[in-house]
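The values are calculated or read from the model by the stated rules, or taken from the named source; none is laboratory data. Source: prediction; values computed, not measured. Virtual Cβ from ideal backbone geometry, glycine too; neighbours counted across all protein chains shown. Ligands, DNA and RNA are stripped out before the accessible areas are found, and what is left, the full protein with its side chains, is counted by its heavy atoms. Shrake-Rupley method; radii C 1.70, N 1.55, O 1.52, S 1.80 Å.
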Amino acid sequence: MANQKANGPKLPVRQLAILAVARFAEPLALTSVFPYLPEMIGSFGVDKVDVARWAGITGAVFSISQSLTAVAWGRASDKFGRKPIILIGLFSTMCCFLVWGMSTSLAMAITARAIMGSGNGNVGIIRTMVAEMVPEKVLQPKAFSLMPLVWSVGSVFGPAFGGFFARPAEQFPSVFGNIEYFKRYPFVLPNLMACCVFFISFMTGLLFLKETLESKRDKRDWGLVLGEKLTRTFHRSKRSHRNSRRRSFVDSEASAPLLATSTTSSTEHLASSTAKAPAAVSWRDIFAPQTTVNLICYTFLALHSVAYDQVLPVFLNYPRVIPDETNTSLPFRFTGGFGLSSDRIGTIYTVYGISCGIIQFFLFPALCARFGVLNCYKFATSVFPILYFLTPYTALIQDTTTRYAVFLTIMLVKGFVVIIAFPCTTILLTNSASSLRILGTLNGFATTFSGLGRAIGPASAGAVFSWGVQRGYIIAPWWFLGLIALIGTIPPWFIVEGEGPHRAPAVVESSDEEGSSEEEESLLPNSEDDDNVVIDAVDELESGSSSDSDSVSSSKAKHRRIATRNRSSYGTVANTNGASK
């Protein structure tokens, strides 16, 4: 049992951690906008009742731009590699956030957001990289929960940045009061700090992130070379040990090839000379029935969940209204918000982010293992409408402590189901793909459709908010989102959980070996123990004498073809064992 665990599939922890660092800047920067967005829109001369509408439009412009370019970025990552496209997205977003913080008009802010969205397709590409790093189904709940966990951690620091450092000349006059730059651009400081984090993420990805696209893995990466040189002094003592180990697909913790580096070059050359060009991705491959249903689910989730997060700060910033017979007629007609400033909104979002991080780290993998990914997703979608219908009624509670307690409870439950829903729908979408070769394009389309949802949701919810407060119906946007979420509970019941994408074979056996194919098929191991026997046999060959190098190389190549065929799915045994979960 211990031997099976030791030789079972493992998470590529190092590369996932580096990918998480590259991902961290985006949630930090995006959520830092929430606390001060209503005040920023108001500083452009927009009327109070129209703030929600323009805040929604600002968010919609970003999402529309992102959706229009997501497929192009996905196809670019399929052609040029995942890593360079991620680095381009980080650099573009870093520059745009600086321009956003220095915006002095609504037109300038909207333009900055549009360029920001069109220049970043990292959401789908990062999902693709995780799928390529961790195709084992039994490991997917942990792997796919990492990026939402990073979002949760970024959501802790982002609102704190935005709420604490917006308007620094007013909040900290003794430090920033005499600096004209911060008086002229009151919302630039949190964006400057976010740009520093973007720079760290960019450099970490450049120096240490390894390519996962199969056709680009063996290409020389000058960023990795530079990173190796910069860190050589920190692990000089480990270098000799690392050079003697088998070369890894992603890193030392991923599944490694069965032959040593010195003996793989000839077989890799043979593979490259006999490999078939992959078939072109067709529309039928991408929009298969199950992928289509999963894309619909993902679009609905992005639409109402992101719209809720965008409208909520406007609701919290909207002035308090004491209910009386002139402005209130329960259960539907009433108005008023919480009347909070940007720093207090930032504090609420920080508590929200911390709670989501705890839920993500401790509860999500256990819940998926216990109840299954699809059941968890169905449960989450059924809770959203209830929360949306209840949210506006918190403004009616007159006792301050009770009002905050009820509101935070709703927010925490919403965070809980969001943390469950997004990684679950990502896993379901990934496992609905027929092949790894379509994942980049499929996730590009997922980003496109979810981007349309994130555009339509905030824009329409913001417009309904403005319409509602003008007529005394603060419930309007929340019930609007509740109805959308209610419709979104239907598609999950048509999902059939897939087995996950499979890697197409990269090597076509030559004609002189066709006669032995049946013999090789009969040698395929049926368990992890049998797989270890093949590995041990190859290890024995590697330790043989050099006088028999020709026969040893031939035997090694044969064993490598057998073992590679068995492991070509990167965890087929784990997939079978975890299918019931």
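Below are the figures for this structure:
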{"item": "Long pairs among K10/K210; K183/K414; K48/K414; K10/K219; K10/K216, criterion Cα-Cα beyond 29 Å", "result": "K183/K414"}
{"item": "Cleavage-rule hits, chymotrypsin sites (Phe, Trp or Tyr not before Pro), segment 1-108, DSSP coil, Cβ neighbours within 10 Å at most 16", "result": "F44"}
{"item": "Solvent-accessible area per residue for segment 292-438 (1.4 angstrom probe, square angstrom)", "result": "36 Å²"}
{"item": "Summed residue charge, Cβ within 15 Å of T425's Cβ, Lys/Arg positive, Asp/Glu negative", "result": "+2"}
{"item": "Loop-located trypsin sites (Lys or Arg not before Pro) in segment 305-388 whose Cβ has at most 14 other Cβ within 10 Å (DSSP)", "result": "R320"}
{"item": "Label-point gap, in nm, between R75 and I358 - each point 7 angstrom along Cα→Cβ", "result": "4.7 nm"}
{"item": "Listed residues I427, I484, I354 arranged by accessible area, highest first, probe 1.4 Å", "result": "I354, I484, I427"}
{"item": "Dipole of segment 1-139, positive direction: furthest Cα of F91, M129, M102, with charges on the beta-carbon", "result": "M129"}
{"item": "Surface share of carbon and sulfur [accessible, 1.4 angstrom probe, percent] for segment 1-137", "result": "68 percent"}
